[in-house]
Amino acid sequence: MYRLIITGFLFLLLPLSSFGQVRIRLFSAHDPGTAVFSVTGGIYEVNGFNGNTFEISPGEIILISKFNDRLAVKARNEKAVICDSVFFLQKTGNDSFTLRVNGIRQLYSGDLQCFRGLGTMLLINVCEIDPYISGVVRAEGGSGKNIEYFKTQAVIARTYIYKYYDKHITDRFNLCDNTHCQAFNGVTNDTIIVRAALETKGQVILGPDSALIISAFHSNCGGETSPSENVWLTNQTYLKKVTDPFCTASRNAKWQTAISLEEWTDYLKSAGYSGDEGNSSLLNFSQKTRLKDYKAGDFTMPLNQIRTDLKLRSTFFSLSVAADSVVFNGRGYGHGVGLCQEGAMVMAMKGFDYKQIIGFYYTGVFIADIKDAKAPEDPLALP
Ligand SMILES: [Zn+2]
Ligand SMILES: [Zn+2]
């Protein structure tokens, strides 16, 4: 623990630009019982178990399994060895491997470190920033094919890495590989995405105070993005309402769903509603522009709460009572804050570049090299 505290402290003292690598926890939504490591390119040095060190080449497989509080590691034609950790270190600088867990096989580059922690088997990939960004763009970026769109997502992903570099630091890694941090299903060879990461190398989004922004994004805003305070209660000058003419014909621009009137009134009553049940038209609600709360007579309730409870696609909906059902007509998909991905895709196709796209959705920001970002506040500093 002492060593971890020291490590965290050192990160704070380093300039952000010195973080050339990132430690990603792989398969973090799983509880891997066994992981199958296989070299696909270059040479890996395997070390850690009982002081043994040896090299493996493409095609060779190592099985790593949980064994009580330790790990069992088995190479082909060898007996399993019980140990506390096993590290796979790349040797040529152009090395790659696959990892198979619960039937899912994904491709990675860089090193792999396996040890027990958080009650499970931790698989930590030590990866260069740019291949990691390409992988995140593929996983989070959707189906847009224009390079300016992928550059936009690459700069957003890079901004996230540096802003949240210490998010999991007490767990001995930087970021996990699911949407709690950023989705990462391994590296990609998609040439447009790889180019997008390289051609924006080092670039991040800074707010007016030169600090890294919260680079929030969502699938479709429905024609108007949401100010951050509607969703997260925090007011950010760069996460303001933006009228978006680009996404309104896209796939996720509209949605509709219905529930029974009884279900809706039961839900409202559980939240404190005590209005006249005989007059169901009181429940009708309309949003021409995004609002923060649902209103029925004197009763109000945060739309964000309703979206979460009813698992709706967005908070940007109107509802009308028709006979014994309640019909929701909604716009957009996601929380609506920050960049609208489907709008950004259309902007890129219309010829806007990534800087224009980012400037459209994030108010008053600029793009700069990470070395020009203001370092985050040091939480250990004396007042
Ligand atoms: Zn995470
Ligand atoms: Zn939009």
**Asked** Looking at segment 212-252, which of its residues are crowded, with 21+ Cβ neighbours inside 10 Å, aliphatic (A, V, I, L, M) and near ligand 2 (Cβ under 9 Å from one of its atoms)?
**Response** none
**Message:** Between Asp266, Asp276, Asp209, which is more than 16 Å from ligand 2 (Cβ to nearest atom) and in contact with a Leu (Cβ under 7 Å, 6 or more places away or on another chain)?
**Reply:** Asp276
**Asked** If you check Leu123, Leu71, Leu99, Leu112, which single one turns out to be crowded, with 20+ Cβ neighbours inside 10 Å, hydrophobic (A, V, I, L, M, F, W, C) and modelled with pLDDT under 95?
**Response** Leu71
**Prompt:** Taking segment 192-209 only, how many residues are of a type outside the set (Val, Ile, Thr) and part of a loop (DSSP other than H, G, I, E, B)?
**Reply:** 5
**Prompt:** In the set Phe366, Phe360, which member is under 29 Å from Gly141 (Cβ atoms) and either within 21 Å of the chain's Cα centre (by Cα) or open to solvent by less than 70 Å² (accessible area, probe 1.4 Å) (or both)?
**Reply:** Phe360
**Asked** So, in segment 253-263, of the ones that are open to solvent by less than 60 Å² (accessible area, probe 1.4 Å) and outside any strand (DSSP E or B), which residue ends up farthest from ligand 2 (Cβ to nearest atom)?
**Response** Leu261
**Prompt:** Would it be correct to say that Asp209 is acidic (Asp, Glu), over 25 Å from Met347 (Cα atoms), open to solvent by 10 Å² or more (accessible area, probe 1.4 Å) and touching a helix residue (DSSP H, G or I) at 6+ places or on another chain (Cβ under 8 Å)?
**Reply:** no
**Request:** Kindly check whether there is at least one residue in segment 193-200 that is without any contact (Cβ under 8 Å) to a residue 60 or more places away in the chain and open to solvent by less than 70 Å² (accessible area, probe 1.4 Å).
**Result:** yes
**Asked** Which members of segment 267-279 meet the condition of being open to solvent by less than 80 Å² (accessible area, probe 1.4 Å) and either in contact (Cβ under 8 Å) with a residue 60 or more places away in the chain or under 16 Å from Arg307 (Cα atoms) (or both)?
**Response** Tyr267, Leu268, Ala271
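The values are calculated or read from the model by the stated rules, or taken from the named source; none is laboratory data. Since the structure is predicted, the reported quantities are computational estimates derived from the model, not experimental observations. Cβ atoms come from the backbone with ideal geometry, glycine included; neighbour counts cover every protein chain shown. Keep in mind that these areas ignore ligands, DNA and RNA; they rest on the heavy atoms of the full protein, side chains included. Shrake-Rupley method; radii C 1.70, N 1.55, O 1.52, S 1.80 Å.
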